[in-house]
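Scroll down for the structure; my scribbles are underneath it.
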């Protein structure tokens, strides 16, 4: 394989910029440009020079020997002064060596996968960690990156392999008297894995929301102060406010961090019957987004009915508290009355939901687990029919195991890799 290099830190001027080199010639190249390298996992301060001996920079040089490196290959890291000119000069120097080239997006991580330093779920966890914006996203991505999901899948896989082996042993000795009935142990193993898969599948929906963000829709009649409330919650003028009813025609989205949870606030058009074609489209969009949102905050006015039916966890507040004598359960984006209580309630509802989040965070994870569970249930049904059907049950278990192996990237994932790694930066 070629030796590859790339800047591993963000582009642009910085205090320090890291250039990573990985591959069979990494140590040789490091020795040529830095004079000498430290021992494995060591670091040393060196002058980086070009092929003519001219000084390019002074750098902290780190060395990682295969297979104990991020990529599983020999790796050298140059911690340079964070100058655009320095990084450019060092990159041009590295490109002059034969069989050394600039890395493609995600190629370092792809090599880590190919060298079994990471499984596919960990690769996705790394991508999610890089993209994380809130504390909940960071913790979730770090859990996947640390291998928790892969370890769980491996335990399921081993249990299913054990169950399949027991059945196949019975099939092999079908013409002999087998003194032990394996069906109780097989049934226990299948029930254990089935329960684990069901629980994890149920938790993927909340886990996906933590990764992508919960949607909270502000819903109510025209001129109820929805846009003013959105601006107050966002801390900026994200939506146009006006005393004229029907000002908001489209759904306005504002992302924010709510106590570590990623939340997208939706300001929707006022819900009412209207002959205005444009406003009617806005109302239709508002109703659809409100119904699909994870949580709705209803602003009510005494004279206006609720067009969308509130759900169990939805929050109902009286609008324009600044104009009410009785301010019970009222909120005002204009004066800020009731906003702290509203935020606390939103946080409480979403945090309660977050407790049910599983380790699996992607639709791909859920689909693979659902396929495995489907095969597993078929195997349980066939198993109950008796020893004559054990060969079919064993085949269904092999399909279930295959689905789990696809989940962690052991097999049949080549078509996924280009899509996954295309989102990575060059230095990863």
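Just a few scattered comments:
- Spin-label model, residue 348 to residue 374: label points 7 Å out along the Cα-to-beta-carbon direction sit 4.1 nm apart.
- 108, 70 arranged by Cβ crowding within 10 Å, fewest neighbours leading: 70, 108
- Among 400-407, 30-37, sorting by the average number of other beta carbon atoms lying within 10 angstrom of each residue, highest first, gives 400-407, 30-37.
- Entry for Kirkwood radius over Cα pairs in Å (calculated from the structure that is shown) out of (i) 26.0; (ii) 23.7; (iii) 21.5: (i)
- DSSP-defined beta bridges in the chain - what % are antiparallel, rounded to 5: 65
Coordinate-derived values only; no laboratory data. It should be emphasised that the depicted structure is a prediction, and the values quoted were computed from it without experimental measurement. Glycine gets a Cβ as well: all are built from the backbone with ideal geometry, and neighbour counts include every protein chain shown.
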